[in-house]
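Note sheet for the following structure.
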Amino acid sequence: MTAPLRRERPGGEESASTPARAVCLRRLNRWQAETLREDLAGLYVESSRAQAGQGYRGRETFLRRLTGDIRRAGFALLIAEDSAFAGCAYGFPVPREGTWWRGFDGPLPQRVEQLTASGHVFAITEIVVHPHTDDQDLARRLQQRLLADHHASLGATLVDQADVPACDAFLSWGWQDIGAVRRPSDPTLLRPRAPVLLRAMVLPLGPRTAAHPDGLAHENRTQRPD
């Protein structure tokens, strides 16, 4: 699931109103990600809209998600930094067997299922942007770079349906809402809440043609090598 996002301006990555790029993106390997876990958790807490007294719980939940994702095959993390951390994004290739889509309400769209089985879908599981960064397009830059670095044919993410600003932001960036996903709430809680309702969103990276106007097709230039 993605972290809460600040709503950003739609438009091209190099919008005329975008300030000069003072924020640079850097890839981290697994060891570096492990080393910087606490710093990334601090960034998450500062960037979230947690109510008073909920910061610690949110921090621990974020650390559990990050630790679990670091262990996944193909895990990749980008950080954005200027004088300090300004944001981060991470994810991993969706397994071919399609387990990442568990809880999807109804049948998965055929083209999404086919792209998943071919191994060319990359899931972005977290995007965090510090609210005080001057780079208004940072979240978009992070996701585009992460997908490009991994030669994905399709980006995928899950967004809490209750987080309307985040859902609207993804839609404004060209993501498509393909349906609902129901997932259990945090299993570590003594009294788990009702299942969480998420929106499954995909970002087609293939060409839009008469045969595939939605862009949900293989693109040789963006396919991840087997």
What percent do you get for the relative contact order of segment 93-197 when only Cα pairs under 8 Å and 6+ apart count? 29 percent
Tell me the label-point distance for the pair THR67, ALA194, using the 7 Å Cα-to-Cβ offset, in nm and rounded to one decimal. 3.0 nm
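So, counting K/R as plus one and D/E as minus one, what does the shell of residues with Cβ under 9 Å around ALA117 add up to? Display every interim value, and only then the final one.
Numbers: positive: ARG96; negative: GLU97, GLU113.
Local charge sum for ALA117: -1.
Treating the beta-carbon of each Lys and Arg as +1 and of each Asp and Glu as -1, no other charges, what is the dipole magnitude of segment 32-138 about its Cα centre, to the nearest 20 debye? Numbers along the way, then the final one.
Details: 11 positive and 15 negative charges, 124 e Å.
The calculated dipole for segment 32-138 is roughly 600 debye.
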Estimated FRET transfer efficiency when R0 is 25 angstrom, pair ALA84-ALA148 (beta carbons, to 0.05): 0.50
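All of the numbers you see were taken from the coordinates with simple rules; none came from a lab. All figures in this text were calculated on a predicted structure; none of them were measured in a lab. Note that each Cβ is placed from the backbone with ideal geometry, even for glycine, and that neighbours are counted across all protein chains shown.
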